[in-house]
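Asker: Handing you a structure now.
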Amino acid sequence: MEPIIQFIQSNQNLYVEELKTFLRIPSISTLPENKEDMKHCAAFVADKLQQAGMSRVEIFPTEGHPIVYGEWLGAPGKPTVLIYGHYDVQPVDPVELWNTPPFEPTIKGDNIFARGATDDKGQMFIHIKSVEAFFKVKGSLPLNIKFIIEGEEEIGSEHLEGFIQQHKDLLKCDAVLISDTSLYEAGLPTITYGLRGLAYMEVEVAGPGKDLHSGSFGGAVANPINVLAEIIAKLHDKKGRVTIPNFYDDVLPLSKEEKKNFELFNFSDKKFAKELGVQELAGESKFSTLERLWVRPTLDCNGIIGGFTGKGAKTVIASKASAKISMRLVPNQDPKKIAKSFTKYIKSLAPKSVKVIISNLHGAYPTLSPLTGKAVKAAAVSMEKAFNKKTVFMREGGSIPVVATFQRILKAPSVLMGFGLNSENLHSPNEHFSLTHFQLGIQSSAYFFEEYSK
Ligand code: BES
Ligand code: MN
Ligand code: MN
């Protein structure tokens, strides 16, 4: 492995330049005006896979954004690893809070700043470069590789499940490797073995047929914003628990053993609060912060729209108000079942003076993987070799919808070998990625191909 690792080290500058080109493409999946950029970005990924040495590369159009597939199956008898990543990114707003333009990658110290730097362009690019290093140094890979890189992760991976279902044979593999998660802390090799799921809902409260003068009509008609605020306020009790009936029914309790492992992290609430700029943390009572983040379900309002929000004052009762509400779910909660309970409860809370319209925007199943498989062990050893430290295992509060799908349809375990940091501002202004972790990621990935092929 020495020559490959040396090759990866000596090519860092080139890798960073290529990553910059990737980061310049504004591949925001949720915005219709970026549809062409999405196509351009898929083509970029396909080109890079081709250049890296994949023998077959194909772009599959979908009803939404294209899926990029690549493969090299030149190691018969050896395991096949499927590498998943996403080339789409989140919107950049509020853009005025960025210190440098979101699509003009800028290096400051050890970090590269751009939308998508850590989530997930920088992380997925790692595997393209490690594959390329093998081909350049050795002319082949020690195992079979497939890539599936999608463009709809940030909007719920709507068309990916159908694609996987339709292409079960094409995607057949022994394990899935994903770099779209974080290290527990800088320099500490980490494997994520659990993700929360998601049920993302939108609630619209409709009152009068048109906006009304708040003096002439206020007091005699329900104000949709007031009603919506009351509904939202009723969704938690004083102990921070979600009040939706049956919400906690399927929650898998934390085992004693896992609880002990969590304690080994020595998590500091004080430090965390300071990093987030709050006086005190908040959440469901009687649970530690790591439990609140990793093993407890939550409900949060993500956005609220209604009425007059411009500068100055306008006296008006808006005809409508709406809120985007997400619930992070844990094993064994079912997003479909939760969405139903949510809908029923919200309807029961709404007074007759308004109409409520509830829609389910998207969802994801939670996941929990055993730590005993061959792939996860190989990944832990590989990261250890690159980082020169013992690998830790953690859960994550965020979601990656496809992980449960791979398990269900391909019957393949996913290994989440992430290289980001939760402090790298993913989904937020000034997103960045550590160039040290980028380099160590490429090395870890290369070690993984070797380890897992044994
Ligand atoms: N890469 C993230 C998931 C993640 C977040 C992993 C933080 C580790 C730390 C992923 O791109 C993401 O943002 N997922 C969405 C999924 C949703 C849109 C269905 C999420 O969790 O909000
Ligand atoms: Mn991601
Ligand atoms: Mn994301």
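The values are calculated or read from the model by the stated rules, or taken from the named source; none is laboratory data. All of these numbers come straight from a predicted model, not from anything done at the bench. Every residue, glycine as well, gets a Cβ built from its backbone with ideal geometry; the counts of neighbours run over all protein chains shown. Side chains included, ligands, DNA and RNA excluded: accessible areas come from the protein's heavy atoms. Shrake-Rupley method; radii C 1.70, N 1.55, O 1.52, S 1.80 Å.
Asker: Taking the Kirkwood radius as the inverse of the mean 1/r across Cα pairs, report the Rg/Rh of region 35-88.
Answerer: 1.02
Asker: Sticking with this one: Quick check on region 16-59: take the gyration tensor over C-alpha atoms, sort the square-rooted eigenvalues as a ≥ b ≥ c, and tell me if it's rounded (a/c under 1.5), prolate or oblate.
Answerer: Oblate is the answer for region 16-59, as a/c is 1.5 or above yet b/c matches or exceeds a/b.
Asker: Once the whole set of protein chains is in place, how much accessible area is left on D110, using a 1.4 Å probe, in Å² to the nearest 10?
Answerer: Counting only protein heavy atoms, D110 exposes about 70 Å² to solvent.
Asker: Does the chain come out rounded, prolate or oblate by the C-alpha gyration tensor, with a ≥ b ≥ c the root eigenvalues, rounded set by a/c under 1.5 and, if not, prolate when a/b is larger than b/c and oblate if not?
Answerer: Prolate, because a/c is 1.5 or more and a/b exceeds b/c.
Asker: Could I ask something else about it? Which shape class, rounded, prolate or oblate, goes with region 298-454 when its Cα gyration tensor gives a ≥ b ≥ c as root eigenvalues, a/c under 1.5 marks rounded, and past that a/b bigger than b/c marks prolate?
Answerer: oblate
Asker: If you take the charge dipole of region 357-440 about its Cα centre, with +1 on Lys and Arg Cβ and -1 on Asp and Glu Cβ, which of G373, G397, G418 is farthest toward its positive end?
Answerer: Most positive-ward Cα: G373.
Asker: A further question on this structure: Using modelled backbone amide H atoms (1.01 Å from N, in-plane), which distant-in-sequence or interchain residues come within less than 5 Å of I107's amide H?
Answerer: F113
Asker: Just report the Cα centroid separation between region 392-418 and region 274-342, whole Å.
Answerer: 24 Å
Asker: If you don't mind, another one. Using heavy-atom solvent-accessible surface (probe 1.4 Å) with all chains present, what is the largest-first order of D169, D180, D174, D93?
Answerer: My answer, sorted largest first, is D169, D93, D174, D180.
Asker: Which of the GluC sites (Glu not before Pro) found in region 17-66 are in a DSSP loop and have at most 14 neighbouring Cβ atoms, other than their own, within 10 Å?
Answerer: Loop-located and lightly packed - E63.
Asker: Taking only the Cα atoms of region 218-363, how large is their convex hull per residue, in Å³?
Answerer: Here the figure is 152 Å³ per residue.
Asker: On to the next question. Placing +1 at every Lys and Arg Cβ and -1 at every Asp and Glu Cβ, with all other atoms neutral, what dipole size does region 87-158 have around its Cα centre, in debye to the nearest 20?
Answerer: The dipole magnitude comes to about 700 debye.
Asker: Follow-up. Take the alpha carbon atoms of region 1-152, find their radius of gyration, then divide it by 2.2 N^0.38 Å using N residues; give the quotient.
Answerer: 1.09
Asker: Among the trypsin sites (Lys or Arg not before Pro) within region 306-405, which fall in a DSSP loop and have no more than 14 other Cβ atoms within 10 Å of their own Cβ?
Answerer: Passing sites in region 306-405 are K311, K314, K352, K389, K390.
Asker: Here's something else I'd like to know. Could you give each residue of region 412-427 its phi-based ³J(HN,Hα) in whole Hz, using Karplus coefficients 6.51, -1.76, 1.60 with θ = phi - 60°, and x for Gly or Pro?
Answerer: Once θ is set to phi - 60°, the couplings for region 412-427 become 10, x, 9, 10, 9, 9, x, 10, x, 9, 5, 8, 8, 6, 5, 6 Hz.
Asker: Further, regarding this structure: Would you mind telling me the antiparallel percentage of the DSSP bridges in the chain, rounded to 5?
Answerer: If I count the DSSP bridges inside the chain, around 70 percent turn out antiparallel.
Asker: Sequence-distant or interchain residues sharing an amide H contact under 5 Å with I28, placed H: which?
Answerer: It is V89, by chain and number.
Asker: At a 1.4 Å probe radius, which order do T405, T21 fall into by accessible area, largest first?
Answerer: Ranking T405, T21 by accessible area, largest first, yields T21, T405.
Asker: Additional query: When you take every Cα atom in region 189-294, what is the radius of gyration, and what is Dmax, the widest Cα pair distance, in Å?
Answerer: Taking only Cα atoms of region 189-294, I get Rg and Dmax of 20.4, 63 Å.
Asker: For q = 0.16, 0.26 Å⁻¹, what log10 I(q)/I(0) does region 375-454 give under the Debye formula with an equal point scatterer on each alpha carbon and no solvent?
Answerer: The computed values of log10 I(q)/I(0) come out as -0.74, -1.26.
Asker: Which residue, V137, V205, V251, has the largest displacement toward the positive end of the dipole of region 137-253 when charges sit on each Cβ (Lys, Arg +1; Asp, Glu -1)?
Answerer: It is V251.
Asker: Given only helices, namely DSSP H runs of n ≥ 4 each adding -39500 (n - 2.57), what is the per-residue ellipticity at 222 nm of the chain, to the nearest 500 deg cm²/dmol?
Answerer: The per-residue figure over the chain is -10000 deg cm²/dmol.
Asker: Here's another thing I want to ask about it. Past 19 Å, Cα to Cα: identify those pairs from K374/K411; K168/K377; K48/K121; K234/K324; K48/K108; K234/K347, in the order given.
Answerer: K168/K377; K48/K108
Asker: Per residue of region 142-152, in order, report the coupling 6.51 cos²θ - 1.76 cosθ + 1.60 (Karplus, θ = phi - 60°) as ³J(HN,Hα) in whole Hz, putting x for Gly and Pro.
Answerer: With the stated coefficients, region 142-152 comes to x, 8, 8, 10, 10, 10, 10, 10, 9, x, 9 Hz.
Asker: Can you compute 3J(HN,Hα) from phi for each residue in region 9-15, using the Karplus curve 6.51 cos²θ - 1.76 cosθ + 1.60 with θ = phi - 60°, rounded to whole Hz and x for Gly and Pro?
Answerer: Values per residue, Gly and Pro as x: 5, 6, 9, 3, 4, 5, 4 Hz.
Asker: Using a 10 Å cut-off on Cβ atoms, rank the peptides 221-230, 80-89, 237-246 from the highest mean neighbour count down.
Answerer: Most protected by this proxy first, the peptides run 80-89, 221-230, 237-246.
Asker: Could you please tell me the mean projected area of the C-alpha convex hull for region 115-216, averaged over all directions and given in square nanometres to one decimal?
Answerer: 13.0 nm²
Asker: Enumerate the amide H contacts of V415 below 5 Å, restricted to partners 5 or more residues apart or on another chain; note that Pro and chain-start residues carry no placed amide H.
Answerer: The list, which skips near neighbours in sequence, is V176, L177, I178.
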